[in-house]
Amino acid sequence: MKLKLFIEKNRGLLMWVLFGGTIVIVFLLGLLAASVNERRAEIATLFSNKRVEITGIESRNEIWGENYPREYETWQKTADTTFESKHNGNVVKDVLEMRPEMVVLWAGYAFSQDYSSPRGHMHALDDMRNSLRTGAPMTPEEGPQPATCWACKSPDVPRMMADVGIENFYSKKWAAFGHEIVNPVGCADCHNPQNMNINISRPALAEAYERMGMDIGKSSIQELRSLACAQCHVEYYFKGDGKYLTFPWDKGMTVETMEEYYDEAGFTDWTHKLSKTPMLKAQHPDYELFKLGPHAQRGLSCADCHMPYKTDGAIKYSDHQLVSPLLNIDRTCLSCHRDTKENLMKYVYEYQDKVLEIRDRVEKELVKAHVEAKYAWDNGANEKQMEPVLKLLRAAQWRWDFAVASHGASFHAPVETQRIMAHALDKSYQAQLEAKKVLEVLGVTGEVPMPDISTKEKAQKYIGLDMKDLREKKEVFNSTIIPQWIEKAKSSKKLL
Ligand code: HEC
Ligand code: HEC
Ligand code: HEC
Ligand code: HEC
């Protein structure tokens, strides 16, 4: 009532505040647009300094570096691994060690073996080769992974696709291209060498647009400053036996519409080893979640925070060290916000802490639900009885993973991420309730025994992983196959 009275009394004043606020926002966005346009003009002058002519798909970043030394040098800095923020940064952390619950959540899937926090683009290939998830294929035909896994790691991917055909590329095994895919995420992933415009090099993104009835070729520059990233930082899956890389956006880009897409397609990433649930693994829906947040809705793009402008004398250029924007607050947040560094940092951490608070609860309750479901199976439950439990488990874990796997989401779209987490928690409890009902029907009473999963090792032992064997095989692969790949690439000049 008091508020209503206040509004009525001060209607005039409030209208002015609203009006003023709108002007400020429009002004800020105007500045942004003006600065982008001004930049285009400056770029034109850069072309007169071209030293080498780049033709075709040039995946060797060093060659581009000849023409664009500033962008190249900052791109090289993605090799840095010294920046740590409260929850992110480029220091590698063993996530399974920090949160052993995840081992149980991914039981039966390669992520339960090995999962480290991401770091800069320069490490994309090394991290992939070294991960236990890619296994130890000793021949080009051996698995476990398909060539599709290379798709978001290197500019050699569009080069090879042009060479062998898109479908043919995806349908091979990962090891088939080890000696070809050797340059980490770089210039040809995002640029057309003729005019340095942003170029969408990945067919999966253009195809997803087409199925949504949109033409990606009609995107504005500001949209392309996000779409460049949406080639990789998105949710995707490997469709059919040909493992065709596909974005599940046909019904929309929210957690629910993508789930509907997968449910209708009858798609399953793997069957959970304990609960036998047909599971979905979320990848990293950074782009989709970002779009639902306050900054995207005010017209910002990824590059506005992750590629801030830098100056070198009179030349202004885009910082190509793609990293947490907290490393350069004065050039990122502070280029738009009049606030203190401390406050801006605090906003980010507050959003993150609030989401992570619920995340930690979800992980514990989800583990319980999987273990209870296993207990029901062990006590003779049948498929019909288990159906509602598994349905809830699939939905709960999909939501948890979707929100967690997008590492920036708790800041990019705090409200949406909290909403998703809340549903994940709700569905985890519902799954537990349904599992208890099944146990009751089976006449099983008392507490369901819970395993000791207080460390990564204990959790991996509980789900039946032979880590020693996996590591030994990987070491053989690392010391024999990888040096062969590198040598072959060097002698064919694919790698400089
Ligand atoms: C992940 C995508 C991505 C990669 C990889 C990338 N760029 Fe860029 N680059 C961009 C974006 C986004 C812009 C800003 C475009 C705009 O605003 O029109 C940009 C701008 C540029 C420009 C225009 C001038 C400027 O600095 O704004 C040059 C030149 C350039 N990049 C060179 C390179 C070189 C050289 C490499 C490889 C070492 C590279 N880029 C790798 C996304 C990328
Ligand atoms: C060709 C695929 C690809 C493109 C395009 C791409 N990324 Fe990445 N990005 C990756 C991969 C793969 C990693 C993880 C590398 C690792 O951990 O070894 C990564 C990691 C990152 C990280 C984490 C770095 C850290 O220090 O932890 C950030 C931030 C990031 N990317 C931002 C962007 C932005 C912004 C764009 C668009 C301008 C973009 N990326 C475009 C594939 C890509
Ligand atoms: C308004 C600024 C802003 C925009 C725009 C933005 N981000 Fe971020 N991003 C952040 C902040 C802040 C973090 C959290 C960094 C931290 O915790 O250190 C972050 C984190 C990330 C991370 C995880 C980084 C890490 O160290 O592991 C990735 C990946 C990422 N963003 C990608 C993107 C992509 C892709 C887009 C566009 C679709 C985008 N961001 C748009 C501010 C932004
Ligand atoms: C290119 C300009 C730009 C950059 C860079 C930028 N912001 Fe913003 N930010 C905006 C605009 C515009 C809004 C919306 C303002 C409004 O509605 O009052 C906003 C809103 C916010 C809000 C309020 C969000 C909400 O829920 O409405 C926070 C918090 C914020 N920004 C923090 C940051 C931080 C932290 C960074 C750096 C990582 C950053 N911003 C970088 C332009 C920017």
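Couple of notes before you dig in:
- When N168, N197, N183, N192 are checked against the criterion of being of a type in the set (S, T, N, Q), surrounded by fewer than 16 Cβ atoms within 10 Å (Cβ to Cβ) and over 26 Å from A296 (Cβ atoms), a single residue qualifies: N168.
- Scan the range 238-257 for residues that are in contact (Cβ under 8 Å) with a residue 40 or more places away in the chain, closer than 19 Å to A409 by Cβ and of a type outside the set (V, I, T) and the total you get is 2.
- The single residue among G217, G213, G242 that is assigned to a loop (DSSP other than H, G, I, E, B) and under 20 Å from E288 (Cα atoms) turns out to be G213.
- Residues within the range 330-363 that are closer than 30 Å to C187 by Cβ and either over 19 Å from the mean Cα position of the chain (by Cα) or among the hydroxyl-bearing types (S, T, Y) (or both), tallied: 7
- Here the range 137-155 is the region considered, the condition is being within 20 Å of K239 (Cβ to Cβ) and among the hydrophobic types (A, V, I, L, M, F, W, C), and the residue that is nearest to the chain's Cα centre (by Cα) is C152.
- In the range 300-329, of all residues being assigned to a loop (DSSP other than H, G, I, E, B), within 22 Å of the chain's Cα centre (by Cα) and over 19 Å from I221 (Cα atoms), the one that is nearest to ligand 4 (Cβ to nearest atom) corresponds to S324.
- Residues of the range 146-186 satisfying the condition of being polar (S, T, N, Q) and touching a Lys or Arg at 6+ places or on another chain (Cβ under 7 Å): T148, S171, N183
- Test: residue in the range 390-406 that is part of a helix (DSSP H, G or I), more than 17 Å from the chain's Cα centre (by Cα) and farther than 26 Å from Y375 by Cβ: no
- The residue list A162, A151 contains one member that is surrounded by fewer than 19 Cβ atoms within 10 Å (Cβ to Cβ), modelled with pLDDT of 95 or more, assigned to a helix (DSSP H, G or I) and hydrophobic (A, V, I, L, M, F, W, C), which is A162.
Rundown of residues vs (1) within 14 Å of ligand 2 (Cβ to nearest atom); (2) within 30 Å of A107 (Cβ to Cβ); (3) in contact with a helix residue (DSSP H, G or I) (Cβ under 8 Å, 6 or more places away or on another chain), yes/no style:
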residue: I200; (1), (2), (3): yes, no, yes
residue: G213; (1), (2), (3): no, no, no
residue: R225; (1), (2), (3): yes, no, yes
residue: V234; (1), (2), (3): yes, yes, yes
residue: P248; (1), (2), (3): no, yes, yes
residue: E256; (1), (2), (3): no, yes, no
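- Segments classed as helices (runs of 4 or more DSSP H), wholly inside the range 45-136, with at least 3 members that are within 17 Å of the chain's Cα centre (by Cα), at negative phi and within 12 Å of ligand 2 (Cβ to nearest atom): 124-130
- Tabulated pairs, the range 51-73, first under 17 Å from E180 (Cβ atoms) and in contact (Cβ under 8 Å) with a residue 12 or more places away in the chain, second assigned to a helix (DSSP H, G or I) and within 15 Å of ligand 2 (Cβ to nearest atom), C-beta under 6 angstrom, 6+ apart or interchain: I57/P158; I57/R159; I57/A188; E58/A188; S59/D156; S59/R159; S59/A188; N61/C187
- Between L470, L465, L496, the distinction of being in contact with an Asp or Glu (Cβ under 8 Å, 6 or more places away or on another chain) and either touching a residue at least 60 places away in the same chain (Cβ under 8 Å) or surrounded by fewer than 19 Cβ atoms within 10 Å (Cβ to Cβ) (or both) belongs to L496 only.
- Close pairs (6 angstrom Cβ cut-off, 6 or more residues apart or separate chains): under 18 Å from Y309 (Cβ atoms) and within 16 Å of ligand 1 (Cβ to nearest atom) in the range 331-350, assigned to a helix (DSSP H, G or I) and not aliphatic (A, V, I, L, M) anywhere: T332/C305; T332/P325
- Taking the range 330-354 as the range and being more than 9 Å from ligand 3 (Cβ to nearest atom), surrounded by 12 or more Cβ atoms within 10 Å (Cβ to Cβ) and not in a helix (DSSP H, G or I) as the test, the residues that pass are R331, H337, D339.
- Index of the failed condition, K243 passing every other in (1) crowded, with 19+ Cβ neighbours inside 10 Å; (2) closer than 25 Å to L300 by Cβ: (2)
- The residues of the range 356-379 that are among the aliphatic types (A, V, I, L, M) and buried (at least 20 other Cβ atoms within 10 Å of the Cβ), listed by number, are V362, L366, V367, A369, V371, A373, A376.
- Filter pass, G313 being farther than 18 Å from C149 by Cα, within 15 Å of ligand 1 (Cβ to nearest atom), small (G, A, S) and without any contact (Cβ under 8 Å) to a residue 40 or more places away in the chain: yes
- Among (1) assigned to a helix (DSSP H, G or I); (2) more than 9 Å from ligand 3 (Cβ to nearest atom); (3) without any contact (Cβ under 8 Å) to a residue 40 or more places away in the chain; (4) not charged (D, E, K, R), the one test that L366 misses: (3)
- Top-ranked residue of the range 137-148 - restricted to ones that are polar (S, T, N, Q) and part of a loop (DSSP other than H, G, I, E, B), ranked as nearest to ligand 3 (Cβ to nearest atom): Q145
- Cβ-Cβ under 8 Å pairs, at least 6 apart or on other chains, the range 184-198 side without any contact (Cβ under 8 Å) to a residue 60 or more places away in the chain, far side surrounded by fewer than 20 Cβ atoms within 10 Å (Cβ to Cβ) and small (G, A, S): none
- When each of L425, L442 is tested for being in contact with a Gly (Cβ under 9 Å, 6 or more places away or on another chain) and closer than 24 Å to T271 by Cα, the lone residue that passes is L442.
The values are calculated or read from the model by the stated rules, or taken from the named source; none is laboratory data. Note that the structure is a prediction, hence the values are computed from the model and not measured. Using ideal geometry, Cβ is built from the backbone for each residue, glycine included, and neighbour counts are taken over all protein chains shown.
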